[in-house]
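My questions all concern the structure below.
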Amino acid sequence: MPKHCATCSRSENEARFYGQFCEYCTRDKLLNSLPQTLGITVCKRCERVWTGHRYSLPTKKAVEDALLLGIKGYSLKLLEYDGRRAKLELGEKIGDDKILVDKEFEIKQKNSVCDDCYKRSSGYWEGLVQLRGSEERVKRTEEKIKRYIEHTSAFIAKTEEVPNGLDVYISDKKAANEAMLFLRLKPITTYTLYGLKQGKRVYRNTYAIHLY
């Protein structure tokens, strides 16, 4: 005797079954359990999206990860997205099977400011490169450092003219260290305690470079 759906009484000859329910009732149940609106957090300055671990460029994968934060427990595939609405293919595991549904959601965007943009706006820096020497060599070395930093996730916070040279402030000391190595500069490096972050001491690095 064929099995019948506990909700609509369709038989297994008419539809695929997931446990005691046919595929139609199972999809309806899944669709009814989903919200109508999903939220996404976007940096209002660089427009990167929060994926749960970091802010990322709004690629398809990043948007999927961002939307999945509000609808956990499902597989998710982005079908359409314009910033205001999103059409998603969602999958739910039922035993050894998986059922898929398509649903359109309204997207509510929450504006925020990512750490990188906050640091840029506040002039944050971790590495100070002190270039001293002839004007020509100082300027040439400054340009090399800037070009290197442009290809990293760090940035030049500011540049100041001082007697006999320039001070170049770099947002990330790891990038500053890598620039010193890549450009084969040989600075005298000192370390200054800046503060505490999550109970750990945070230091700023100063790189003194003499170009005579």
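The values are calculated or read from the model by the stated rules, or taken from the named source; none is laboratory data. Just so it is clear, the structure is predicted and the values come from calculations on it, not from any experiment. Neighbour counts are summed over all protein chains in view; Cβ atoms, including those assigned to glycine, are modelled from backbone coordinates with ideal geometry.
Mind checking whether some residue in the range 9-18 is surrounded by 13 or more Cβ atoms within 10 Å (Cβ to Cβ), part of a loop (DSSP other than H, G, I, E, B), in contact (Cβ under 8 Å) with a residue 40 or more places away in the chain and in contact with a strand residue (DSSP E or B) (Cβ under 8 Å, 6 or more places away or on another chain)?
Checked against the condition, which is being surrounded by 13 or more Cβ atoms within 10 Å (Cβ to Cβ), part of a loop (DSSP other than H, G, I, E, B), in contact (Cβ under 8 Å) with a residue 40 or more places away in the chain and in contact with a strand residue (DSSP E or B) (Cβ under 8 Å, 6 or more places away or on another chain), the range 9-18 yields no hits at all.
Could you identify the single residue in T141, T190, T159 that is outside the structural domain of L76 (by TED's automatic domain parsing) and in contact with a Gly (Cβ under 9 Å, 6 or more places away or on another chain)?
Values: T190 fails: in contact with a Gly (Cβ under 9 Å, 6 or more places away or on another chain); T159 fails: in contact with a Gly (Cβ under 9 Å, 6 or more places away or on another chain).
Just one listed residue meets the conditions, T141.
Yes/no matrix, rows are residues, columns are (1) within 16 Å of E47 (Cβ to Cβ); (2) modelled with pLDDT of 95 or more; (3) touching a Lys or Arg at 6+ places or on another chain (Cβ under 6 Å):
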| site | (1), (2), (3) |
| --- | --- |
| R84 | yes, no, no |
| G91 | no, no, yes |
| R132 | no, yes, no |
| V138 | no, yes, no |
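Checking G95 against (1) more than 22 Å from S56 (Cα to Cα); (2) at pLDDT below 95; (3) touching a helix residue (DSSP H, G or I) at 6+ places or on another chain (Cβ under 8 Å), only one condition comes out false. Which one?
(3)
Let me ask something else about it. Looking at E143, E150, which is the one that is acidic (D, E) and over 24 Å from the mean Cα position of the chain (by Cα)?
E143 is the lone residue from the list that is acidic (D, E) and over 24 Å from the mean Cα position of the chain (by Cα).
Would you point out the residue of the range 110-130, among those that are within 24 Å of V42 (Cα to Cα) and among the charged types (D, E, K, R), that is modelled with the highest pLDDT?
Here the answer is K110.
Consider the range 134-163. How many of its residues are under 14 Å from Y212 (Cβ atoms), surrounded by 15 or more Cβ atoms within 10 Å (Cβ to Cβ) and not β-branched (V, I, T)?
Final tally of qualifying residues: 1.
While we're looking at this one, here's another question. Looking only at the range 94-145, how many residues end up being aliphatic (A, V, I, L, M) and over 30 Å from R27 (Cβ atoms)?
Adding up the residues that qualify gives 6.
What is the residue count in the range 19-39 for residues that are farther than 22 Å from D96 by Cβ and either loosely packed, with under 12 Cβ neighbours inside 10 Å or among the aromatic types (F, W, Y) (or both)?
Within the range 19-39, residues that are farther than 22 Å from D96 by Cβ and either loosely packed, with under 12 Cβ neighbours inside 10 Å or among the aromatic types (F, W, Y) (or both) number 4.
Name, by its number, the condition in (1) of a type outside the set (D, E, K, R); (2) touching a residue at least 60 places away in the same chain (Cβ under 8 Å); (3) exposed (fewer than 12 other Cβ atoms within 10 Å of the Cβ) that does not hold for I94.
Checking I94 against (1) of a type outside the set (D, E, K, R); (2) touching a residue at least 60 places away in the same chain (Cβ under 8 Å); (3) exposed (fewer than 12 other Cβ atoms within 10 Å of the Cβ), the one that fails is (3).
Whether any residue in the range 36-43 is under 28 Å from S153 (Cβ atoms), free of Cβ contacts under 8 Å to residues at least 12 places away in the same chain, outside any loop (DSSP other than H, G, I, E, B) and small (G, A, S) is what I want to check.
No, the conditions are met nowhere in the range 36-43.
Please pick out the residue among E64, E47 that is at pLDDT 90 or above and either on the phi > 0 side of the Ramachandran plot or in a strand (DSSP E or B) (or both).
Working: E64 fails: either on the phi > 0 side of the Ramachandran plot or in a strand (DSSP E or B) (or both).
Testing whether each residue is at pLDDT 90 or above and either on the phi > 0 side of the Ramachandran plot or in a strand (DSSP E or B) (or both) leaves just E47.
Related question: Suppose the filter is of a type in the set (K, R), more than 10 Å from G127 (Cα to Cα) and touching a residue at least 60 places away in the same chain (Cβ under 8 Å); does R147 pass it?
Answer is no for this residue.
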